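Student: Right, I'll just put the structure down here and ask away after.
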Amino acid sequence: MNNSEPATRSMPTRLATLGMALALTACAGAGGHPRDPLEPLNRATFAFNETADKYVMRPVAQVYDYVPLPFKVGVGNFFGNLGDIWIGVNNLLQGKFVDGLSDGGRVLVNSTVGMFGLFDIATELGLEKHDEDLGQTLGSWGVSEGPYIVLPLLGPSTLRDSAGLIGDLQVDPVWQFNEVAVRNSLTGLRFVHRRAALLGADTTADQAALDKYGYMRSFYLQYRLNQVYDGQPPRVKDPDDE
Amino acid sequence: MNKIASLLAALALSVGVQFNALAVDSTAPDALVKSVTDDVITIVRQDKAIQSGDTRKAVELVETRVLPYFDFAHMTRLAVGKDWKQASPEQKTVLTQEFKTLLVRTYSNALTQYRNQQIDFKPLKAKPEDTDVVVRTEVRQPGAKAVQIDYNLEKLADGWKVYDVLVAGVSLVTNYRDDFGKEVRTGGIDGLIKSLKDKNKQLDTTVSAKK
């Protein structure tokens, strides 16, 4: 009893100290970014990701990039088709029924006429491809982003988008394959395909930025805001533009 | 005789210049973006050197065909944000020059990546009296979602000028604001100028190393 008392008392105290420390770190960065209270941790993760990318992901993507374009387009279409199901659900969740139905139509057309999704016939028929996920749906419901978070290997995110990502992965068709070998191969292929699509653009960030970490953070936050508003974020007159 | 000839030449020149200015002024912003884009793409399609990654040639193309339609002073002001007010006129000039160099170096490279993507121009939503408009375009490519590229233009005395470019909603200009703000906080405006100069020098050496 007596022993447990200091423990119970010290736990909240410790938490409070930790909270204070975090709050102080957040304030201490008087120059710190208001949306990035975890900046020191994020920077460490970012550095790790950069190294992993330089020595593993990028070289693998470069090798993959040698495969002929029609094959790559087929791979992109195949995963795109699998993704369209959840994109459609998210459009419905956001109240965009026409878009959601159109996504359903895309899956029907591409899974049949498009040979299991290898060909994107639906786009040619005028059913436009959308880009939605649970993070965007939460955003459209008014959930704020919370702090900026750099995820290991996956890169820039926010608290909201990380929560969304967990939901996205629960229903990810690729993860529903029972056979582990198939599931892992598909997951790997999709990852490499996505990385390869960024070849060329990735060096632009290196060239453009004075501080790549800050550049990518700003990029991600603007990019997601644009996605939540489906390409039409509110246009505010810049207060610093005289 | 000589004098008259040179006078005539000067007159012809000034008329020409005025005529040019008028021609630019009367071009609608969406038509301007389209004509510059078409112009550049036509050249890139025919230029094997640019396609194979000749950054210097790409920079040259951008400097002659694109830069006249950009307002770099405005872009730099936007990128620096609230610290712009504390910069002296000389510092503003240097900042603008260095930022321009950085943007041109960085994004000229993007031209070398061009591979027959198709560019769609969206109808302009603006009133005739508007002096600040957004021209929306989309770059389509097989097997991927189209990439949205928006140009913000402002009407100035010598015609419409681009002051911001947004790729997938990301401003290539204001994306620098955090970065620049941090530089100013640690080293003042001069610190920012120095960092920009160092960055440009470093890009210069990588460009020449690649050649």
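The values are calculated or read from the model by the stated rules, or taken from the named source; none is laboratory data. The shown structure was predicted, so the numbers you read here are calculated from the model rather than taken from an experiment. Backbone-built Cβ (ideal geometry, glycine too); neighbour counts: all protein chains shown.
Student: Determine if the range B:71-91 includes at least one residue that is surrounded by 15 or more Cβ atoms within 10 Å (Cβ to Cβ) and closer than 24 Å to B:V44 by Cα.
Tutor: Scanning the range B:71-91, I find at least one residue that is surrounded by 15 or more Cβ atoms within 10 Å (Cβ to Cβ) and closer than 24 Å to B:V44 by Cα, so the answer is yes.
Student: Sticking with this structure for a sec: Since B:V184 meets every condition but one in (1) in contact with an Asp or Glu (Cβ under 7 Å, 6 or more places away or on another chain); (2) under 22 Å from A:Y215 (Cα atoms); (3) without any contact (Cβ under 8 Å) to a residue 40 or more places away in the chain, which condition does it not meet?
Tutor: Result: B:V184 passes all but (3).
Student: Could you tell me whether A:F191 is surrounded by 13 or more Cβ atoms within 10 Å (Cβ to Cβ), within 20 Å of A:N49 (Cα to Cα) and of a type outside the set (D, E)?
Tutor: Here the answer is yes, as A:F191 does meet what is asked.
Listed here are the residues, each with its yes/no results for (1) buried (at least 20 other Cβ atoms within 10 Å of the Cβ); (2) within 16 Å of the chain's Cα centre (by Cα); (3) among the β-branched types (V, I, T).
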site: B:K122; (1), (2), (3): no, no, no
site: B:R140; (1), (2), (3): no, no, no
site: B:D150; (1), (2), (3): yes, yes, no
site: B:L153; (1), (2), (3): yes, yes, no
site: B:V165; (1), (2), (3): no, yes, yes
site: B:Y176; (1), (2), (3): yes, yes, no
site: B:G181; (1), (2), (3): no, no, no
site: B:R185; (1), (2), (3): no, no, no
site: B:T206; (1), (2), (3): no, no, yes
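Student: Say whether the condition of being under 26 Å from A:R217 (Cβ atoms) and surrounded by 13 or more Cβ atoms within 10 Å (Cβ to Cβ) is met by at least one residue in the range A:79-86.
Tutor: yes
Student: Let me ask another. Residues that are at pLDDT 85 or above, part of a helix (DSSP H, G or I) and charged (D, E, K, R): does the range A:229-238 have at least one?
Tutor: No, the range A:229-238 contains no residue that is at pLDDT 85 or above, part of a helix (DSSP H, G or I) and charged (D, E, K, R).
Student: Looking at the range A:215-229, which of the residues that are among the hydrophobic types (A, V, I, L, M, F, W, C) and facing chain B (nearest Cβ under 7 Å) is nearest to A:I149 (Cα to Cα)?
Tutor: It comes out as A:F219.
Student: Being within 15 Å of the chain's Cα centre (by Cα) and hydroxyl-bearing (S, T, Y) is the filter here; which residues of the range B:124-138 pass it?
Tutor: Selection gives nothing.
Student: Report whether or not A:T51 is among the β-branched types (V, I, T) and at pLDDT below 95.
Tutor: In short, no.
Student: For the range B:171-205, enumerate the residues that are facing another protein chain (nearest Cβ under 7 Å) and acidic (D, E).
Tutor: Within the range B:171-205, B:D178, B:D179, B:E183 qualify.
Student: Please verify whether the range A:49-56 includes one or more residues that are over 21 Å from A:A197 (Cα atoms) and part of a helix (DSSP H, G or I).
Tutor: No, the conditions are met nowhere in the range A:49-56.
Student: While we're on this one: Out of A:F97, A:F48, I need the residue that is in contact with a Pro (Cβ under 8 Å, 6 or more places away or on another chain) and more than 14 Å from chain B (Cβ to nearest Cβ). Which one?
Tutor: A:F48
Conditions tested, residue by residue: (1) in contact with a Ser or Thr (Cβ under 6 Å, 6 or more places away or on another chain); (2) within 13 Å of chain A (Cβ to nearest Cβ).
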{"site": "B:P89", "(1), (2)": "no, no"}
{"site": "B:T96", "(1), (2)": "yes, no"}
{"site": "B:V104", "(1), (2)": "no, yes"}
{"site": "B:N109", "(1), (2)": "yes, yes"}
{"site": "B:Y114", "(1), (2)": "no, yes"}
{"site": "B:Q117", "(1), (2)": "no, yes"}
{"site": "B:P123", "(1), (2)": "no, no"}
{"site": "B:P128", "(1), (2)": "no, no"}
{"site": "B:R140", "(1), (2)": "no, yes"}
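Student: On to the next question. Look through A:V109, A:V98 and report the one residue that is crowded, with 17+ Cβ neighbours inside 10 Å and of a type in the set (V, I, T).
Tutor: Sole residue among the options that is crowded, with 17+ Cβ neighbours inside 10 Å and of a type in the set (V, I, T): A:V109.
Student: Which residues, taken from the range B:53-73, are under 16 Å from B:D164 (Cα atoms), in contact (Cβ under 8 Å) with a residue 12 or more places away in the chain and out of contact with any Phe, Trp or Tyr (no Cβ under 8 Å at 6 or more places or on another chain)?
Tutor: B:V66, B:L67, B:A73
Student: Continuing with the same structure: Could you list, in sequence order, the residues of the range B:52-76 that are of a type in the set (G, A, S), outside any helix (DSSP H, G or I) and within 13 Å of another protein chain (Cβ to nearest Cβ)?
Tutor: Within the range B:52-76, just B:G53 meets the criteria.
Student: Taking the condition of being part of a helix (DSSP H, G or I), surrounded by fewer than 17 Cβ atoms within 10 Å (Cβ to Cβ) and within 14 Å of another protein chain (Cβ to nearest Cβ), how many residues in the range A:57-73 meet it?
Tutor: 3
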